[in-house]
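K.L.:
Quick one: the structure is below, questions incoming.
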Amino acid sequence: MAQHGAGRPEIIGDAGEAQRRVLTPEALDFVAALHERFDARRGQLLRARLARQELLDAGIRPDFLVETKAVRSGEWRVAPAPADLDDRRVEITGPVERKMMINALNSGAKVFMADFEDALSPTWENVVTGQANCMDAVRRTIDFTSPEGKRYALNERVATLVVRPRGWHLGEKHVLVDGAPISASLFDFGLYFFHNARELAARGSGPYFYLPKLESHLEARLWNEVFLHAQEMLGVPRGTIRATVLVETIVAAFEMEEILYELREHAAGLNAGRWDYLFSAIKKFGRTGPIFPDRGQLTMTVPFMRAYTELLVRTCHRRGAHAIGGMAAFIPSRRDAAVNETALAKVREDKLRESRDGFDGTWVAHPDLVPVAGAVFDEVLGDRPNQKERRRDEVQVTARQLADFTVPGGATTEGGVRANIDVALQYLDAWLRGSGAVGIHNLMEDAATAEISRSQLWQWVQREAPLADGTRMSAERYRALRDEVLSSLERGAGDSRLPEAAMLLDELVLDEGFVEFLTLPGYRLLG
C-alpha cells in the first residue's frame, strides 16, 4: 500500500511503471479535487435513480418532463463540432489495451472510442495501463511488439481519439479519499484530462469523451459542471471539451433534448447505445412490463426501438448535434465464408437503415467492418461530413410509443434461455480473468450484452415466464440448464474462472431484488 500526503488519495495496489507515470502527485491532487467537489452531488443523483425505480415498480409510466417543456420548445443549438469531430461516419470501439488501440486507430475509422467502461475489465492494472496507453496514443508514441516479434505502430493518419470513462454508479476501490472509493467516472475522466488536454489542444484536437449510462438531464448537468471546473483548474479554454452522450437507458430517452441542453457548450451528439438500452428496458420494467422475448428477437426494427432511434435523430438534428448509430458486433470468421456472407449482409442492412434514417455515423467493433459500414455511409453522405440538415421534422414519437414493449411474434424459448446462460457464463469468466471485450459465437460481447442475457434470465425466473413449449421457467429449471451449459463449457476450458462465473450469475438471476449492474458484485472478485 502506498500512502500519499495529507489531502491526497490513498492508493491500494501497484501497476508498476505505468502507475508511476500516471498517478503523479499533481494528477492525484487534480482528481481528488474533482471528487471532493462533486461526489456528494453524484450520491444524490444515484439515490434519485432508486426513487425513480420505485415509481416505475409502482406502475407509474414515464413521460416527457412538464418542468422542462420550455427547453423542448425553445430555439437553441449545441456548439459547432470541432474539425476533427465533424465527420464521424464510422466509429470503432474497443478497450484501452495497447495492441487493440493501435489497430483501432489505424483501422480507417473516423473515430476510435477508447473504452474504460463496458469493454474493459476494470482490474487495477487494466485501468492504470489504459491511462498510460492513452497518453502515448495522444503523443503518437504508442507501439507494441508481440511475443512473436511483430511490431505495431501508428500510421500517418489515425482516427480521432474519444475516451469513455466509467459510469456514475461505479467507484474505484484502489483509490480511497477519506477512506471511501473515489468516483470511477471522475478518476477516469480526471486523469485523461489532466495528462492530455493541453497536449491535444496543441496538436489541433481536444479532450473528447463519451458519457455512459446517464439516466437524466440532471446527471448531464453534473458532467457539465465537472467540465467547467476541470477546464478552469487547468486554464483550458471553456468549451474545449466535447462530449457525446450514449442514450442507453430508457429513462434518458425521455430527456434527450434536456441532456443536450445541459451540455450544449460541450455537446457533440447522442449515440444510440442499443445493447445497454435493451438491458435498461428490461431492468426498469422487468417487474411491471411484459415478458421480453428471446434476445435474438429484440432487433432494431421492433416498434419501441424504432421509436427511440427515430426520436434520437430528430432531436440531434434539430439542435445541430451528431446522431451516431448503434454497434455492429459481428467478428468476421477466418474460416467460414458462409457465416461471413450472411452476417455481413445483416451488417449492411443495419447500416443502410441507419444512414437512410438520418444518422451521421455508426459504430463497429472490428476493423474488418470499417470498410463495410463506411461504404454504406459514403453512398449517403458523399463528400459531406454529416447529414445534420435532415431535420426529420415529420417524426412524432409519443411517450407511449417509447414504453410500448410489444414485440410482434415474440416468444421465449428454452433455446433462448440456454443461449443467455452460455453467453453470460463465457463473458463473466473472461471478465473475471481480465478481458472485457470477448469474441463469443462470432460476436463481440461486452458488459452490455452480458447484462441483457442476465437481466432476461432474472425476469424469466422471477416472473415464471411461459415458454414456447407450453412449460414455464423456474429457478429449478434455470439451475438444471445452467448445470448443463456449465458442464459443456468446462469440458472445453483450460484455465478458467467458470465456477466463480456461475456463482456470480446465480446471484444475479436468483436474487429477488434486481442487482443494478453486474459489474458491482463482479468488481469484488477482481484484483
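FYI, it's all coordinate maths here, none of it is from the lab. A quick note: this is a predicted structure, and the numbers were derived from the prediction, not measured. So basically every Cβ, Gly included, is an ideal-geometry build from the backbone, and we count neighbours across all protein chains shown.
K.L.:
Can we say A475 is in contact with a helix residue (DSSP H, G or I) (Cβ under 8 Å, 6 or more places away or on another chain) and under 16 Å from I282 (Cα atoms)? It would help to see each step written out before you state the result.
P.N.:
Details: in contact with a helix residue (DSSP H, G or I) (Cβ under 8 Å, 6 or more places away or on another chain): yes; under 16 Å from I282 (Cα atoms): no.
Answer is no for this residue.
K.L.:
Considering region 214-271 alone, what residues qualify as being of a type in the set (K, R) and outside any loop (DSSP other than H, G, I, E, B)?
P.N.:
Within region 214-271, the first condition is being of a type in the set (K, R), and the residues that meet it are 221, 238, 242, 264.
Once the filter is applied, which keeps residues that are of a type in the set (K, R) and outside any loop (DSSP other than H, G, I, E, B), region 214-271 yields R221, R242.
K.L.:
Residues of region 386-399 being surrounded by fewer than 17 Cβ atoms within 10 Å (Cβ to Cβ) and either of a type in the set (S, T, N, Q) or free of Cβ contacts under 8 Å to residues at least 12 places away in the same chain (or both), which ones?
P.N.:
Hits for region 386-399 are E394, Q396, T398.
K.L.:
If a residue counts only when it is of a type in the set (D, E) and buried (at least 19 other Cβ atoms within 10 Å of the Cβ), which strands (runs of 3 or more DSSP E) contained entirely in region 76-171 have at least 3 such residues? Walk me through it before giving the result.
P.N.:
Details: elements: 90-95, 111-115, 143-145, 151-153, 160-164.
Answer list for region 76-171: none.
K.L.:
Same structure again: Could you count how many residues in region 478-508 are basic (K, R), over 23 Å from T412 (Cα atoms) and in contact with a helix residue (DSSP H, G or I) (Cβ under 8 Å, 6 or more places away or on another chain)? Working first, answer last.
P.N.:
So in region 478-508, the residues basic (K, R) come out as 479, 482, 491, 497.
Now restrict to residues that are over 23 Å from T412 (Cα atoms): 491, 497.
Cutting the leftovers down to in contact with a helix residue (DSSP H, G or I) (Cβ under 8 Å, 6 or more places away or on another chain) gives us 497.
Residues in region 478-508 being basic (K, R), over 23 Å from T412 (Cα atoms) and in contact with a helix residue (DSSP H, G or I) (Cβ under 8 Å, 6 or more places away or on another chain): 1 in total.
K.L.:
Same structure again: In region 432-457, which residues are in a helix (DSSP H, G or I) and more than 20 Å from G167 (Cβ to Cβ)? Talk me through it step by step, then tell me what you get.
P.N.:
Going through region 432-457, the residues in a helix (DSSP H, G or I) turn out to be 432, 447-457.
Residues satisfying the conditions are Q456, L457.
K.L.:
While we're on this one: Of all residues in region 354-385 being without any contact (Cβ under 8 Å) to a residue 12 or more places away in the chain and of a type in the set (D, E, K, R), which is nearest to T244 (Cα to Cα)?
P.N.:
R384
K.L.:
Please go through (1) of a type outside the set (K, R); (2) part of a helix (DSSP H, G or I); (3) farther than 30 Å from T471 by Cβ; (4) in contact with a strand residue (DSSP E or B) (Cβ under 6 Å, 6 or more places away or on another chain) for T362 and return the number of the only condition it doesn't satisfy.
P.N.:
(2)
K.L.:
Tally up the residues in region 10-65 that are of a type in the set (A, V, I, L, M), closer than 30 Å to T288 by Cβ and assigned to a helix (DSSP H, G or I), please. Before you say what the answer is, go through the steps one by one.
P.N.:
If we filter region 10-65 for residues that are of a type in the set (A, V, I, L, M), which is where we start, we get 11-12, 15, 18, 22-23, 27-28, 31-34, 40, 45-46, 48, 50-51, 55-56, 58, 60, 65.
From the residues that got through so far, the ones that are closer than 30 Å to T288 by Cβ too are 45-46, 48, 50-51, 55-56, 58, 60, 65.
Next cut, assigned to a helix (DSSP H, G or I) only: 45-46, 48, 50-51, 55-56.
So the count comes out to 7.
Conditions (1) in a helix (DSSP H, G or I); (2) over 25 Å from L278 (Cα atoms); (3) aliphatic (A, V, I, L, M), marked per residue:
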{"residue": "M327", "(1), (2), (3)": "no, no, yes"}
{"residue": "N340", "(1), (2), (3)": "yes, yes, no"}
{"residue": "A343", "(1), (2), (3)": "yes, no, yes"}
{"residue": "R348", "(1), (2), (3)": "yes, no, no"}
{"residue": "K351", "(1), (2), (3)": "yes, no, no"}
{"residue": "Q401", "(1), (2), (3)": "yes, no, no"}
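K.L.:
Then there's this: Which residues, taken from region 275-315, are more than 14 Å from E354 (Cα to Cα), in a helix (DSSP H, G or I) and out of contact with any Asp or Glu (no Cβ under 8 Å at 6 or more places or on another chain)?
P.N.:
Correct list: L278, A281, I282, K284, F285, R295, G296, Q297.
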